[in-house]
Amino acid sequence: MTSDSMPLIVAVLSSALRSGTGIAFAAVGETFAERAGVINLGIEGMMLVGAMAGVMTRVNGGSLVLAVVAAGVAAMLLAALHAYATVGLGGNQIVSGIALSIVGTGLSGFFGRPYVGVQFDGISPLNPPGLASLPIVGPILFQQDVLVYVAIVVSILAWWVLFRTRLGLDIRAVGENPDAAFAHGVAVVRVRVTAILVGGFLAGVGGAYLSLAYTHLWAEKMTAGQGWIAVGLVIAARWRPIETLIAAYAFGALTVLHPHLQATGIAISPYFLAMVPYLGAIIALVVTTRIFARKGHALPAALTRNFQFGRSRRT
Amino acid sequence: MNLGNSNRYGITGRRHFKSMLVAIFIAALLGGCRERPAVQQTNTQAPAQNATPTLGFTKDSGKLQVGFITVGPVSDFGYNYQHNQGRLALEAKMRDKVHTVLVENIPETAEVERVMQRMVDEGANVIFATSYGYLDSALRVAQRNPKVTFMHCLGAKNAPNLGTYSASLWEPAYVAGVVTAMTAKNPRFGFVTSHPIPPVFWILNAFTLGAQSVNKNVTVDVVYTNSWNNPSAETEAVKSLADKGVGAVYVLVDSPIAGVQAAERAGIYSVAQHADLSSFAPKGWITGSVWGWGKVYEDVVGSVLNHTWTNQPISGGFKEGYVSVAPFGPAVPAAAQQKSHELIRKIASGEISVFQGPIADSEGKERVARGKSMTVPEILSFDWVVKGVRGGPAH
């Protein structure tokens with residue numbers, strides 16, 4: 001049982017894709033919701049529910065595909081609560097989202113109790129013969145599990161839907177000015193609810209990635225704040241799915257730099273290294289906000305503003 | 001459509017956006033930075049006991065009522081699991097004299113104070129507060145309830161009716177180091193843990209010295225995850241060590257499952273703290289250092305029953321049966337197993353000491369002279385790492 005040493009940069013890039021994938025799913029999902037004008041701060045809770053539901057399904061005999069879908073659906077149900085509170089009842093989006101996060105953490109902890117310390121076969125790297133053993137590109141591109149590739153496909157698909165389809169146009173219109181969109185015949189409520197549910201589904205898949213593929217276990221609060229980071233990355237990426245994916249990978253790279261640099265044996269405070277990804281996220285947020293504020297890639301104008309159906313109908 | 005509407009969604013939207021950003025960052029800080037300064041875990045969750053009106057004490061049964069509180073789920077194959085194993089051992093030994101109640105998943109907040117008081121109200125005679133962060137709460141509840149005996153794990157304060165208990169886990173960690181060095185050909189080892197604090201240094205140093213007693217060239221690369229409970233970070237830490245070419249890794253966090261599984265996937269050997277995790281690494285498992293709380297609980301409860309209990313700190317190692325070495329994995333050669341039995345005997349009899357000089361620190365400076373051994377208070381306040389340990393903050 002020996003392991004050959006891998007160059008630091010290759011090891012970090014290879015790990016960065018895995019480390020960023022869970023966040024990428026959640027952040028791309030959140031992009032949908034926010035583009036439609038609804039911020040959902042409940043990602044942390046939805047990811048946890050997804051992570052737990054995935055393990056629950058897998059341990060009880062479900063296939064891996066079913067486990068991932070179940071994770072998405074479970075988190076989507078939680079997102080439906082947010083949709084009901086905000087779109088349905090006109091409640092404050094921030095408050096509802098934070099409540100959702102707390103509820104999701106509690107629910108996943110409660111229903112996940114029997115699954116702590118339970119073993120299951122998770123999602124393993126594909127390692128295609130030949131390709132996986134290529135130097136440099138092998139570990140980075142091919143020693144990955146299937147969900148890493150799915151995240152890339154989902155991001156591209158999300159871009160296509162948001163910017164190249166009628167549905168995407170509706171979503172963005174609703175996020176910019178729901179009253180105008182409504183006047184143009186867009187079913188504002190339906191579009192917003194759809195976007196929130198898509199966001200919930202992807203957050204659940206992101207959570208399932210952490211439990212089923214990344215760590216192969218369920219533990220309470222195992223997301224350890226990744227859901228909150230996803231919210232920040234959406235903003236840093238200016239509500240664009242491809243950029244969000246890249247931001248997630250960048251965050252992943254900074255996160256894994258922490259153990260990888262330590263493993264080389266250099267004497268840097270672990271507390272300093274642990275701070276780097278968060279510092280990076282804040283800097284990215286500041287820089288992108290500064291740069292793009294002028295260029296007009298600004299936030300969806302109606303973000304956090306609920307659509308007041310009755311009032312709009314009168315106008 | 002009127003102008004008022006577009007105004008509403010435009011300008012004011014941006015102002016709210018700022019407060020929203022602030023909210024996100026505060027939330028992210030709360031989520032990301034929640035850490036605990038000392039010995040055990042950050043894992044917290046609402047009480048697991050459901051809506052039943054009582055905790056299950058039977059104060060009219062004539063048995064001594066003993067309550068246990070753990071900070072995480074006892075199914076973690078780690079810190080909390082091992083405390084529950086101790087409780088079960090106590091029950092098995094003294095079933096006719098003792099009734100135990102476990103309340104798990106209690107955060108180190110005012111919550112634990114409420115749980116302790118409730119235990120007292122329902123008739124508990126002895127309460128074991130098993131998490132480091134329970135100490136201050138336990139001291140307050142102990143003061144209000146002088147007739148109840150409180151025992152706190154690993155703490156450094158006491159009260160007339162509150163004592164502390166711990167065990168010399170460095171003894172099995174040393175043996176684990178010896179066994180690992182006799183099993184793994186590659187002299188580069190890794191160590192994954194939470195924080196650079198004394199209870200981690202006991203284990204890290206003992207493991208390294210044990211391994212070096214077999215092979216002088218052993219080095220141990222340490223990765224700190226800054227959390228007692230972050231499976232993603234533990235997975236990545238083990239992966240990073242495997243990528244750098246270590247042959248075996250010691251996992252010291254609340255629940256070592258993630259790290260041990262990651263080691264198995266990476267094809268390297270694993271050693272872990274707290275319990276037997278061989279089922280999670282059928283090929284690579286070597287052994288583990290195990291708390292023997294069952295014996296501690298028997299001794300404490302026995303002294304309460306005999307009215308000989310005092311608030312003096314309780315501690316012990318192989319000799320007292322307070323620690324043990326976990327079952328060996330299939331890769332461990334017979335010679336290593338034999339050697340471990342011999343070592344355990346010699347450590348128990350006092351013939352050899354784990355921290356026996358000469359010991360140099362990571363910068364090569366001699367800290368313990370030849371012929372000297374470190375005292376227990378010295379071990380408990382370790383703030384340096386031995387030669388051969390690499391990484392982490394400058395010591």
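The values are calculated or read from the model by the stated rules, or taken from the named source; none is laboratory data. Keep in mind the model is a prediction, meaning the values are calculated, not measured. Using ideal geometry, Cβ is built from the backbone for each residue, glycine included, and neighbour counts are taken over all protein chains shown.
Whether any residue in the range B:159-179 is surrounded by 23 or more Cβ atoms within 10 Å (Cβ to Cβ), under 18 Å from the mean Cα position of the chain (by Cα), within 12 Å of chain A (Cβ to nearest Cβ) and of a type in the set (Asp, Glu) is what I want to check.
Within the range B:159-179, not a single residue is surrounded by 23 or more Cβ atoms within 10 Å (Cβ to Cβ), under 18 Å from the mean Cα position of the chain (by Cα), within 12 Å of chain A (Cβ to nearest Cβ) and of a type in the set (Asp, Glu).
Conditions tested, residue by residue: (1) surrounded by 18 or more Cβ atoms within 10 Å (Cβ to Cβ); (2) in a helix (DSSP H, G or I).
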residue: A:SER133; (1), (2): no, no
residue: A:ILE140; (1), (2): yes, yes
residue: A:VAL148; (1), (2): yes, yes
residue: A:ILE156; (1), (2): no, yes
residue: A:VAL174; (1), (2): yes, yes
residue: A:PHE182; (1), (2): yes, yes
residue: A:VAL191; (1), (2): yes, yes
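Here's a check for you: in the range B:203-241, which residue that is among the small types (Gly, Ala, Ser) and within 30 Å of A:GLY225 (Cα to Cα) is modelled with the lowest pLDDT? First the steps, then the outcome.
From the range B:203-241, those among the small types (Gly, Ala, Ser) are B:206, B:210-211, B:213, B:227, B:232-233, B:237, B:240; that's our starting set.
Add one more test, that the residue is within 30 Å of A:GLY225 (Cα to Cα), and what stays is B:227, B:232-233, B:237, B:240.
On the way: B:SER227: 87, B:SER232: 93, B:ALA233: 93, B:ALA237: 95, B:SER240: 93.
Checked the range B:203-241; the qualifying residue modelled with the lowest pLDDT is B:SER227.
Determine which single condition B:VAL200 fails, assuming it passes every other condition in (1) away from every other protein chain (no Cβ under 14 Å); (2) surrounded by fewer than 24 Cβ atoms within 10 Å (Cβ to Cβ); (3) touching a strand residue (DSSP E or B) at 6+ places or on another chain (Cβ under 6 Å); (4) within 20 Å of B:TYR322 (Cβ to Cβ).
All conditions are met except number (1).
Whether any residue in the range B:286-297 is within 14 Å of another protein chain (Cβ to nearest Cβ) and at pLDDT 95 or above is what I want to check. Quick ask: steps written out before the conclusion?
From the range B:286-297, those within 14 Å of another protein chain (Cβ to nearest Cβ) are B:286; that's our starting set.
Now drop any that are not at pLDDT 95 or above, which leaves B:286.
Yes, the range B:286-297 contains at least one residue that is within 14 Å of another protein chain (Cβ to nearest Cβ) and at pLDDT 95 or above.
In this structure, is B:SER213 more than 25 Å from B:ASP136 (Cβ to Cβ), surrounded by fewer than 21 Cβ atoms within 10 Å (Cβ to Cβ) and out of contact with any strand residue (DSSP E or B) (no Cβ under 6 Å at 6 or more places or on another chain)?
Working: more than 25 Å from B:ASP136 (Cβ to Cβ): yes; surrounded by fewer than 21 Cβ atoms within 10 Å (Cβ to Cβ): yes; out of contact with any strand residue (DSSP E or B) (no Cβ under 6 Å at 6 or more places or on another chain): yes.
Answer is yes for this residue.
Scan the range B:372-384 and report the pairs whose first residue is closer than 16 Å to B:SER362 by Cα and whose second residue is part of a helix (DSSP H, G or I) and not aromatic (Phe, Trp, Tyr), with Cβ atoms within less than 6 Å and a gap of 6+ or a chain change.
Filtered contacts from the range B:372-384: B:PHE382/B:PRO198.
Kindly establish whether A:LEU64 is out of contact with any Lys or Arg (no Cβ under 6 Å at 6 or more places or on another chain), closer than 25 Å to A:TRP228 by Cα and more than 14 Å from chain B (Cβ to nearest Cβ). Walk me through how you get there before you give the answer.
Values: out of contact with any Lys or Arg (no Cβ under 6 Å at 6 or more places or on another chain): yes; closer than 25 Å to A:TRP228 by Cα: no; more than 14 Å from chain B (Cβ to nearest Cβ): yes.
Judged against the criteria, A:LEU64 is not a match.
Anything in the range B:248-277 that is at pLDDT below 95, over 23 Å from A:LEU212 (Cβ atoms) and of a type in the set (Gly, Ala, Ser)? List them, or say none.
Hit for the range B:248-277 is B:ALA275, nothing else.
Taking the options B:TYR269, B:TYR250, name whichever one is over 21 Å from B:THR130 (Cα atoms), away from every other protein chain (no Cβ under 13 Å) and buried (at least 22 other Cβ atoms within 10 Å of the Cβ).
The unique qualifying residue is B:TYR250.
Filter the range B:203-238 down to residues that are β-branched (Val, Ile, Thr) and away from chain A (no Cβ under 13 Å) and give me whichever is nearest to A:LEU212 (Cα to Cα). Give the steps one after another, and end with the answer.
Residues of the range B:203-238 that are β-branched (Val, Ile, Thr), as a first pass: B:203, B:208, B:214, B:218-220, B:222-223, B:225, B:235, B:238.
From what is left, the residues that are away from chain A (no Cβ under 13 Å) are B:203, B:208, B:214, B:218.
Values: B:ILE203: 31, B:THR208: 33, B:VAL214: 39, B:VAL218: 35 Å.
Selected residue: B:ILE203.
In the range B:306-363, which residue that is within 14 Å of chain A (Cβ to nearest Cβ) and assigned to a loop (DSSP other than H, G, I, E, B) is surrounded by the most Cβ atoms within 10 Å (Cβ to Cβ)? Even if it seems obvious, please write down each step before you answer.
Step one: filter the range B:306-363 for residues within 14 Å of chain A (Cβ to nearest Cβ), giving B:329-333, B:361-363.
Now narrow it down to the ones that are assigned to a loop (DSSP other than H, G, I, E, B): B:329-333, B:362-363.
On the way: B:GLY329: 22, B:PRO330: 10, B:ALA331: 15, B:VAL332: 20, B:PRO333: 12, B:SER362: 20, B:GLU363: 12.
Result: B:GLY329.
Assuming A:VAL59 fulfils every condition listed in (1) among the aliphatic types (A, V, I, L, M); (2) more than 16 Å from A:ALA151 (Cα to Cα); (3) surrounded by 22 or more Cβ atoms within 10 Å (Cβ to Cβ) apart from one, which condition is it?
Of (1) among the aliphatic types (A, V, I, L, M); (2) more than 16 Å from A:ALA151 (Cα to Cα); (3) surrounded by 22 or more Cβ atoms within 10 Å (Cβ to Cβ), only one is false for A:VAL59: (3).
Quick test of your reading of the structure: A:TRP160 fulfils all but one of (1) touching a Phe, Trp or Tyr at 6+ places or on another chain (Cβ under 8 Å); (2) at pLDDT 95 or above. Name the failing condition by number.
The number of the failed condition is (1).
Residue by residue through the range A:246-260, note down the ones that are farther than 14 Å from A:ALA284 by Cβ and either among the aromatic types (Phe, Trp, Tyr) or in contact (Cβ under 8 Å) with a residue 60 or more places away in the chain (or both). Quick ask: steps written out before the conclusion?
Taking the range A:246-260 first, the residues farther than 14 Å from A:ALA284 by Cβ are A:256-260.
Hits for the range A:246-260 are A:VAL256, A:LEU257, A:HIS260.
Just checking, does the range A:204-227 include any residue being away from every other protein chain (no Cβ under 14 Å) and either assigned to a helix (DSSP H, G or I) or under 11 Å from the mean Cα position of the chain (by Cα) (or both)? Write out each step before concluding.
Kept after step one, since they are away from every other protein chain (no Cβ under 14 Å), are these residues of the range A:204-227: A:204-205.
Filter again for either assigned to a helix (DSSP H, G or I) or under 11 Å from the mean Cα position of the chain (by Cα) (or both), leaving A:204-205.
Scanning the range A:204-227 turns up at least one residue that is away from every other protein chain (no Cβ under 14 Å) and either assigned to a helix (DSSP H, G or I) or under 11 Å from the mean Cα position of the chain (by Cα) (or both).
Of all residues in the range A:238-266, how many are buried (at least 24 other Cβ atoms within 10 Å of the Cβ) and either assigned to a loop (DSSP other than H, G, I, E, B) or more than 10 Å from chain B (Cβ to nearest Cβ) (or both)? I'd like the intermediate steps shown before the answer.
Step one: filter the range A:238-266 for residues buried (at least 24 other Cβ atoms within 10 Å of the Cβ), giving A:241, A:244-245, A:247-248, A:251-252, A:255-256, A:258-260, A:262-263.
Checking the rest, the ones that are also either assigned to a loop (DSSP other than H, G, I, E, B) or more than 10 Å from chain B (Cβ to nearest Cβ) (or both) come to A:241, A:244-245, A:247-248, A:251.
Residues in the range A:238-266 being buried (at least 24 other Cβ atoms within 10 Å of the Cβ) and either assigned to a loop (DSSP other than H, G, I, E, B) or more than 10 Å from chain B (Cβ to nearest Cβ) (or both): 6 in total.
Could you run through the range A:158-172 and say how many residues are of a type in the set (Val, Ile, Thr), surrounded by fewer than 22 Cβ atoms within 10 Å (Cβ to Cβ) and part of a helix (DSSP H, G or I)? Full working, then the answer.
Residues of the range A:158-172 that are of a type in the set (Val, Ile, Thr), as a first pass: A:161, A:165, A:171.
Now narrow it down to the ones that are surrounded by fewer than 22 Cβ atoms within 10 Å (Cβ to Cβ): A:161, A:165.
So of that shortlist, the ones also part of a helix (DSSP H, G or I) come out as A:161.
Counting residues in the range A:158-172 that are of a type in the set (Val, Ile, Thr), surrounded by fewer than 22 Cβ atoms within 10 Å (Cβ to Cβ) and part of a helix (DSSP H, G or I) gives 1.
Please enumerate the residues belonging to the range A:6-61 that are over 30 Å from A:ALA180 (Cα atoms) and charged (D, E, K, R).
Taking the range A:6-61 first, the residues over 30 Å from A:ALA180 (Cα atoms) are A:6-25, A:44-61.
Selection gives A:ARG18, A:GLU44, A:ARG58.
Given the options A:ALA36, A:ALA53, A:ALA26, name the one that is under 15 Å from the mean Cα position of the chain (by Cα), crowded, with 24+ Cβ neighbours inside 10 Å and small (Gly, Ala, Ser). Before you say what the answer is, go through the steps one by one.
Details: A:ALA36 fails: under 15 Å from the mean Cα position of the chain (by Cα); A:ALA53 fails: under 15 Å from the mean Cα position of the chain (by Cα).
Exactly one of A:ALA36, A:ALA53, A:ALA26 is under 15 Å from the mean Cα position of the chain (by Cα), crowded, with 24+ Cβ neighbours inside 10 Å and small (Gly, Ala, Ser), namely A:ALA26.
Residue check: is A:ALA99 of a type in the set (A, V, I, L, M, F, W, C), part of a helix (DSSP H, G or I), out of contact with any Leu (no Cβ under 8 Å at 6 or more places or on another chain) and within 14 Å of another protein chain (Cβ to nearest Cβ)?
Details: of a type in the set (A, V, I, L, M, F, W, C): yes; part of a helix (DSSP H, G or I): yes; out of contact with any Leu (no Cβ under 8 Å at 6 or more places or on another chain): yes; within 14 Å of another protein chain (Cβ to nearest Cβ): yes.
Yes: the conditions hold for A:ALA99.
Exactly one condition in (1) of a type outside the set (A, V, I, L, M); (2) more than 12 Å from chain B (Cβ to nearest Cβ); (3) farther than 30 Å from A:ALA187 by Cβ is not met by A:TYR84; state its number.
(3)
When you scan the range A:114-147, how many residues do you find that are of a type in the set (A, V, I, L, M, F, W, C), under 17 Å from B:ARG265 (Cα atoms) and at the interface with chain B (Cβ under 9 Å from one of its Cβ atoms)?
1
Residues in the range A:286-298: is at least one buried (at least 19 other Cβ atoms within 10 Å of the Cβ) and within 9 Å of chain B (Cβ to nearest Cβ)?
Pass one, the range A:286-298, residues buried (at least 19 other Cβ atoms within 10 Å of the Cβ): none.
There is no residue in the range A:286-298 that is buried (at least 19 other Cβ atoms within 10 Å of the Cβ) and within 9 Å of chain B (Cβ to nearest Cβ).
Just one of (1) over 20 Å from B:GLY288 (Cβ atoms); (2) in contact with a Ser or Thr (Cβ under 7 Å, 6 or more places away or on another chain) trips up B:PRO160, so point out which.
Evaluating B:PRO160 over (1) over 20 Å from B:GLY288 (Cβ atoms); (2) in contact with a Ser or Thr (Cβ under 7 Å, 6 or more places away or on another chain) leaves (2) as the failure.
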